[in-house]
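Colleague: Below is a structure I'd like to ask you about.
Just so it is clear, none of the values below were taken in a lab; they were calculated from the coordinates. Keep in mind the model is a prediction, meaning the values are calculated, not measured. For neighbour counting, all protein chains shown are included, and Cβ atoms are generated from backbone atoms with ideal geometry for every residue, glycine included.
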Amino acid sequence: MSAERPAVDAIGLTKRFGRLEVLRGVDLTVPSGRITGLVGPNAAGKTTFIKALLGLVRPDGGQLRVLGHLVNGDERYRRGIGYMPQSARFPENLTGSEVLDMLGDLRATTAARDLELLEKFELEDQIGKPVRTLSGGTRQKLSAVMAFLFRPDLLVLDEPTAGLDPIASGIFKEKLLSVRARGSSVLLATHTLSELDELADDVVFLLDGRVRFHGPTEDLKRRTGAPRLEQAIANLMRERAS
Amino acid sequence: MRNASRILAYQLRDVARNRWVIAYAVVLLVLTEALFRLGGDAGRVLLSLLNVVLILVPLVALTFGTLYLYSAREFIEMLLAQPVGRGAMFSGLWCGLALPLSASLVAGLGLPFLLHAGEGGLPLHSLVVLLATGVLLTLAFTAIAFLVALRFEDRARGFGAALLLWFACAVVYDGLVLLVIAVFGDYPLETPLLILSLINPLDLGRLLLLLDFDVAALMGYTGAVFKQFLGTSLGLTVATIALLGWTGVPLVLGFRRFRARDF
């Protein structure tokens, strides 16, 4: 499976918000069938890059291919993507199951849905309630269910475990590993580096809108002489500073 | 198109459960019923409702419309990450606002007339004109509300701009017309006043209602000019087309912003 087209292929991607240059030429090829961790300090451009993948942010320059499709305003390529944002908010008056149904209607797919997380999170008795009455953590769980629902080829996750309790977070990680085994690609932006130690095959380190490191997690540790990713990244940042 | 109607279906369910839309219908209903009970016959009630429609409908459409778009931001973000195009999203959103508001208006104003139809007959033609004008105003001012909300990133500023705009259309405009007449009274003012009336959708609504109801006393200056120069039927046609233009143009401009926007 890994010999396929890359999951994401960005060439010289740039984006500025007013005077702020957020992406300054991102060149990045995310291989398919692996879990790639996207790390970097705040304001490094992680969320902007992710939103560009989804077509939510329109890049100023460069070229971007996702799952082999050029991102140019046509929405169909997003059928292959499952997305979980940092904090998910839903139409307040709809119930959880209405939101899930709506996503199914929009994709017009008859394929069986992946409801494993719904069961494991024990959300079945919650999804009949209006979303506005759900707690923040429950909404986050619902958002996770939505990301996996259509068995996507590419999962794009922005700080997915930030609002989850340890048990839910464990279930979530297990699920990630199982979809990778099925051949899906995962792009995971996070600040929780210990999490990446468990999960990530590759690491992308983004700093000031450019890719400063991209390679297997093991390479990064070897290169910086650190046993854990946390130190490896810290070393990398220090290396840049000097 | 299929996606637009699906988004619309869910937006309708969301908005229909929204307390404000329901409150809007109830307020209109209570008001109309009260006018009936205060002893008016259907014709007088219609006349009293004229100003309610002209003042309240644009205000509700502008304020509720901007707030609606700001509060839908997360929903928009969620859906645009799905295989949904921006055209489908935008049309679904706007219809999901304009349809429930129009339905509330028609139900709130119309029901009491049906209930009291047995007492003194139903002035069907005038009622239909009143409701149609209310709906046209709703369409135009929700479209304008979308444009305002897309122009201002900041919620408070957008809401303020919407209120200012309503104030300009409902109050400042009339003062402006008076001022023009007072200052340039010695010149032929028909053409400038015709043009002036076209730039205010609220005044177009007023023209529609007054031309049809034929209440000269309430007509005001632009109305008199309209009637004098275009006659009733051409005047109605021009005002209707202009009001539809006030729906179409803001929608096109709004969509151009929506399409280029980062979420």
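Colleague: For the range B:92-160, what does the convex hull of the Cα positions come to per residue, in cubic angstrom?
Modeller: Each residue corresponds to 94 Å³ of Cα convex hull volume.
Colleague: Here is a follow-up. Once you place label points 7 Å from the Cα toward the Cβ at residue B:5 and residue B:164, how far apart are they in nm?
Modeller: 4.1
Colleague: In degrees between 0 and 90, to the nearest 10, how far off the longest principal axis of chain B does helix B:155-167 point, with axes built from Cα atoms?
Modeller: Taking Cα atoms only, the helix is inclined about 10 degrees.
Colleague: Cβ under 10 Å from residue A:58's Cβ, residue A:58 left aside: what net charge do those residues give with Lys, Arg +1 and Asp, Glu -1?
Modeller: Here the count lands on +2.
Colleague: While we're on this one: Just flag the trypsin sites (Lys or Arg not before Pro) in the range A:1-65 sitting in loop per DSSP whose Cβ has no more than 12 other Cβ atoms within 10 Å.
Modeller: Of the trypsin sites (Lys or Arg not before Pro), the ones in loops of the range A:1-65 whose Cβ has at most 12 other Cβ atoms within 10 Å are A:19.
Colleague: Here's something else I'd like to know. How far apart, in nm, are the 7 Å Cα→Cβ label points at residue A:219 and residue A:93?
Modeller: 5.3
Colleague: Of the candidates B:81, B:170, B:162, which one comes out as most mobile in a Gaussian network treatment of chain B with C-alpha springs shorter than 10 Å?
Modeller: B:81
Colleague: On to the next question. Using a Gaussian network model of chain B with C-alpha springs under 10 Å, which one of B:156, B:239, B:42 is most mobile by mean-square fluctuation?
Modeller: So, out of B:156, B:239, B:42, the one fluctuating most is B:156.
Colleague: With the cut-off at 20 Å, report for the range B:176-250 the share of all Cα pairs above it, as a whole percent.
Modeller: 26
Colleague: Round to the nearest 0.05 the FRET efficiency obtained for residue B:117 and residue B:240 when R0 = 22 Å and r is the Cβ-Cβ distance.
Modeller: Rounded to the nearest 0.05, the efficiency is 0.25.
Colleague: Compute the long axis of helix A:136-148 from its Cα atoms, compare it with the longest principal axis of the Cα atoms of chain A, and write down the angle in degrees, 0 to 90, nearest 10.
Modeller: It is inclined by approximately 80 degrees.
Colleague: Oh, and also: For the pair residue A:101 and residue B:128, what calculated FRET efficiency results from E = 1/(1 + (r/R0)^6), where r is the Cβ-Cβ distance and R0 = 35 Å, to the nearest 0.05?
Modeller: 0.40
Colleague: Another question, if that's okay. Across the Cα atoms of the protein assembly as shown, what radius of gyration and what greatest pairwise Cα-Cα distance (Dmax) are found, in Å?
Modeller: 28.3, 93
Colleague: Would you work out the relative contact order for the range A:8-241, in percent, from Cα pairs under 8 angstrom that are 6 or more residues apart?
Modeller: 28
Colleague: Here is a follow-up. Quick check on the range B:2-260: take the gyration tensor over C-alpha atoms, sort the square-rooted eigenvalues as a ≥ b ≥ c, and tell me if it's rounded (a/c under 1.5), prolate or oblate.
Modeller: Since a/c reaches 1.5 but b/c is at least a/b, the shape of the range B:2-260 is classed as oblate.
Colleague: Can you tell me what the convex hull of the Cα atoms of chain A projects to on average, as an area in nm²?
Modeller: 13.7
Colleague: Could I ask something else about it? Return the average number of partner chain Cβ atoms within 10 angstrom of each residue Cβ along peptide B:254-261.
Modeller: Average neighbour count from other chains, rounded to a whole number: 1.
Colleague: Say a paramagnetic label sat at a point 7 Å from the Cα of residue A:235, along Cα to Cβ; which residues of the range A:166-207 have their backbone N under 11 Å from it?
Modeller: none
Colleague: For a quick check, take a GNM of chain A with Cα springs below 10 Å and name the residue from A:188, A:157, A:106 with the largest mean-square fluctuation.
Modeller: Highest fluctuation of the listed residues: A:106.
Colleague: Measure off 7 Å from each Cα along the Cα-to-Cβ vector at residue A:191 and residue B:22, then give the distance between these two points in nanometres to one decimal.
Modeller: 4.0
Colleague: Take every Cα pair under 8 Å in the range B:27-139 that's 6+ residues apart, average their separations, divide by the length, and report that relative contact order as a whole percent.
Modeller: Reported as a whole number, the value is 46 percent.
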